[in-house]
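Below is one structure, written out as structure tokens, with a few remarks after it.
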Amino acid sequence: MDTVRVAVVGAGVVGLSTAVCIAQLVPQCSVTIISDKFTPDTTSDVAAGILIPHACADIPIAVQKQWFRETFDHLSSIASSAEAVDAGVHLLSGWQIFRSIPTEQVPFWADVVLGFREMTEAELKRFPQYVFGHAFTTLKCETSVYLPWLEKRLKMHGGLFLRRRVEDLWELQPSFDIVVNCSGLGSRELVGDSMVFPVRGQILQVQAPWVKHFIRDGTGLTYIYPGASYVTLGGTRQKGDWNLAPDAEISRDIFSRCCALEPSLRRACSMKERVGLRPGRSNILLQKEALARDGRRLCVVHHYGHGSGGVSVHWGCALEAARLVNECARALRTPALTSKL
Amino acid sequence: MPSLATSLLLTMRVVVIGAGVIGLSTALCIYERYHSILQSLDLKVYADRFTPLTNTDVAAGLWQPYLSGPSNPQEMAWNQQTFDYLLSHIYSPNAEKMGLALISGYNLFHEAVPDPFWKNIVLGFRKLTPRELDVFPDYSYGWFHTSLIIEGKSYLEWLTERLTERGVKFFQRKVESLEEVARGGVDVIINCTGVWAGALQPDPLLQPGRGQIIKVNAPWIKHFIVTHNLKSGIYTSPYIIPGMQTVTLGGINQLGNWSEINSTQDHNTIWEGCCRLEPTLKNARIAGEHTGFRPVRPQLRLERDQLRVGSASTEVIHNYGHGGYGLTIHWGCALEAANLFGKILEEKELYRMPPSHL
């Protein structure tokens, strides 16, 4: 059997996890990651990495729940192992609070996280402008540690790395048999998908090691996510904004909103501002496409458009992407079927 | 109402012996309540050890009473008062300076146990779900709730600052007897000498509960994990308690052991027990190791006493014997000590307590 040569474009959390899944699950393949940016310069590196899913409009809830559960279970076993620190994964408890009672009082993912329940009156007292809340334990996946860990795992499986900006998927033919497009926001140019747009997020990374819980406003606009090395304060959701430079006024506003929820943050020090452009899209695109041009053929698996929810579903999606790659690989190996591509 | 003339004439000379959490919080509580009523409150603290060398400094600082109800029902109220008092400070910008933070976590057991008497004092108390118990394969039952950390060293520094601002003076001296202090011309002695109270007045009920702890850098650990071995007793089973900057590992409680030296055997017991509970600790760097003595007593001693030196009589308030729950109960005890102080003032006709206290 010839080795199937797979190229994964994009080295964020989606690209790396997809590459690892392919290397583990697709028999007789070689995997090469090609990207102009690697950690710590990817969009994923800015994300706080808390596992709380964002509902996608057109994907069935059962599928979203499966992706989230697979990701949660996968990271959960890492968190309880000695690898947890190297992978940057740890348990985190906290509260999601609402200024008015949400229509969906129990979200679809309530039984995936641990110990999910409504907040008590006594717990809500400290948030005078909020009337309802959820308390639960979830996982935090520190991308700045997780991504290098994924890179190591990929190397262990024989994966190769190429730093290069891909302008057109056809550049990769005939060197590669299958291309997996994990280029996130880059897909707008790379494959001409105008449905992809940036959702600018600005955050602060501060030193406040006494903060042991996450606090998230139900709208998702204000949040406090403590990690192993810093606490992430956020945030913003600016659709269509491509500006990667931090805005001082926005930083002040974020800090003020977070201090309103957690007054002790006023004593936080060492503040870093970061900006990331989330790969916004009405839906995650996870599907095969057979490209043909001038008699040449290229199998593509698209895997992009995760918006705010990339980390929360990355592993479940990566498993699905690997399955699609496997289908492509089997099709390539069956001579009778090749002409049908 | 006492005559204004009487209350303005006298100075109350008060000495607090002991500068751990009990001594300093009692001093602050008495000062706050009475300094404006008396013409002059001369308040001093005598201690041979100050932070960071007190037993309070060694405590992990998790607010949590013992599991079984206290033999003295007043202790329940004192625990509640302490929690409520600390919680009111948690939401202030001062919290971090005081060494205060909210923390959630796990209490783990090998068998089902009744809910603790303090379940409605802490926040969000519930039993662990089966999936949560999967994280701890050696245990089959447990609780999850949100409590507080009150870190001894920061809290003592904060109390010291508050007292210093109020003109309270500190003296480093080893007190050999209560008489020695009384002879110095003192109206009230507040005995907060903790595990060493027996040196001032024999107390066969008081004994050391030696504890040893390892402090590590493990900032990814955000929950406390306290395990219980009902047969071997409290604090003899591994516990992992994150603090403001480091994580405290422990699980040693040796009654009657006065050795101040860190023991290698105890180190190994703690390390192995905690690593088994939380495998990620293998990556943690050790930041320090300490020994302290819990002042163990069947119930804490908080009561008045009189000391006769020659023809004179000096008032004493004892406030010691808080075992492993000193930080947990300190403020309620300080309030009660202040009540007892008020009664002393009443008797000296310096002050009439408001009717609700009678």
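Here are the numbers for the structure shown:
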{"quantity": "Selection from region B:108-134 of residues that are more than 9 Å from chain A (Cβ to nearest Cβ), outside any loop (DSSP other than H, G, I, E, B) and surrounded by fewer than 16 Cβ atoms within 10 Å (Cβ to Cβ)", "calculated": "B:LYS127, B:PRO130"}
{"quantity": "Single residue of region B:61-104 satisfying the filter (within 14 Å of another protein chain (Cβ to nearest Cβ), under 17 Å from the mean Cα position of the chain (by Cα) and not in a helix (DSSP H, G or I)) that is farthest from B:PRO219 (Cα to Cα)", "calculated": "B:TRP63"}
{"quantity": "Residues satisfying the stated conditions in region A:112-137, i.e. in contact with a helix residue (DSSP H, G or I) (Cβ under 8 Å, 6 or more places away or on another chain) and of a type in the set (Val, Ile, Thr)", "calculated": "A:VAL112, A:VAL113, A:VAL131, A:THR137"}
{"quantity": "Matching residues, region B:135-158, being closer than 21 Å to B:THR246 by Cα and not in a strand (DSSP E or B)", "calculated": "B:GLU151, B:GLY152, B:LYS153, B:SER154, B:TYR155, B:LEU156, B:GLU157, B:TRP158"}
{"quantity": "Single unsatisfied condition, A:VAL275 versus (1) part of a helix (DSSP H, G or I); (2) in contact with a strand residue (DSSP E or B) (Cβ under 9 Å, 6 or more places away or on another chain); (3) not polar (S, T, N, Q)", "calculated": "(1)"}
{"quantity": "Residue match in region A:19-37 (condition: in contact with a His (Cβ under 9 Å, 6 or more places away or on another chain), of a type in the set (Gly, Ala, Ser) and away from every other protein chain (no Cβ under 14 Å))", "calculated": "yes"}
{"quantity": "Members of region A:121-138 found to be surrounded by 15 or more Cβ atoms within 10 Å (Cβ to Cβ) and modelled with pLDDT of 95 or more, listed by number", "calculated": "A:GLU123, A:LEU124, A:PHE127, A:TYR130, A:PHE132, A:GLY133, A:HIS134, A:ALA135, A:PHE136, A:THR137, A:THR138"}
{"quantity": "Strands (runs of 3 or more DSSP E) fully within region A:93-187 counting 1 or more residues that are of a type outside the set (Ser, Thr, Tyr) and within 30 Å of A:TRP242 (Cβ to Cβ)", "calculated": "A:132-141, A:160-163, A:178-181"}
{"quantity": "Criterion: among the basic types (Lys, Arg) and within 14 Å of chain A (Cβ to nearest Cβ) - qualifying residue of B:LYS231, B:LYS174, B:LYS222, B:LYS169", "calculated": "B:LYS222"}
{"quantity": "Residues (hydrophobic (A, V, I, L, M, F, W, C) and touching a residue at least 40 places away in the same chain (Cβ under 8 Å)) located in region B:43-74", "calculated": "B:LEU43, B:VAL45, B:ALA47, B:PHE50, B:VAL58, B:ALA59, B:ALA60, B:LEU62, B:TRP63, B:LEU67"}
{"quantity": "Residues (buried (at least 17 other Cβ atoms within 10 Å of the Cβ) and among the β-branched types (Val, Ile, Thr)) located in region A:219-262", "calculated": "A:THR222, A:ILE224, A:VAL231, A:THR232, A:THR236, A:ILE250, A:ILE254"}
{"quantity": "Residue in region A:250-260 that is at pLDDT below 95, more than 30 Å from A:SER175 (Cβ to Cβ) and of a type outside the set (A, V, I, L, M, F, W, C) present", "calculated": "no"}
{"quantity": "Criterion: facing chain B (nearest Cβ under 10 Å) and over 30 Å from A:VAL300 (Cα atoms) - qualifying residue of A:GLY115, A:GLY133", "calculated": "A:GLY115"}
{"quantity": "Number of the condition not met by A:ASP86 [criteria: (1) surrounded by fewer than 18 Cβ atoms within 10 Å (Cβ to Cβ); (2) in contact with a strand residue (DSSP E or B) (Cβ under 6 Å, 6 or more places away or on another chain)]", "calculated": "(2)"}
{"quantity": "Filtered residue count, region A:256-268, keeping only those that are more than 10 Å from every other protein chain (Cβ to nearest Cβ) and out of contact with any strand residue (DSSP E or B) (no Cβ under 6 Å at 6 or more places or on another chain)", "calculated": "3"}
{"quantity": "Residue that is farthest from A:THR137 (Cα to Cα) [pool: residues in region A:189-216 that are buried (at least 21 other Cβ atoms within 10 Å of the Cβ), more than 14 Å from every other protein chain (Cβ to nearest Cβ) and not hydrophobic (A, V, I, L, M, F, W, C)]", "calculated": "A:PRO198"}
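The values are calculated or read from the model by the stated rules, or taken from the named source; none is laboratory data. Owing to the predicted nature of the structure, the values given are computational and were not obtained by experimental measurement. Backbone-built Cβ (ideal geometry, glycine too); neighbour counts: all protein chains shown.
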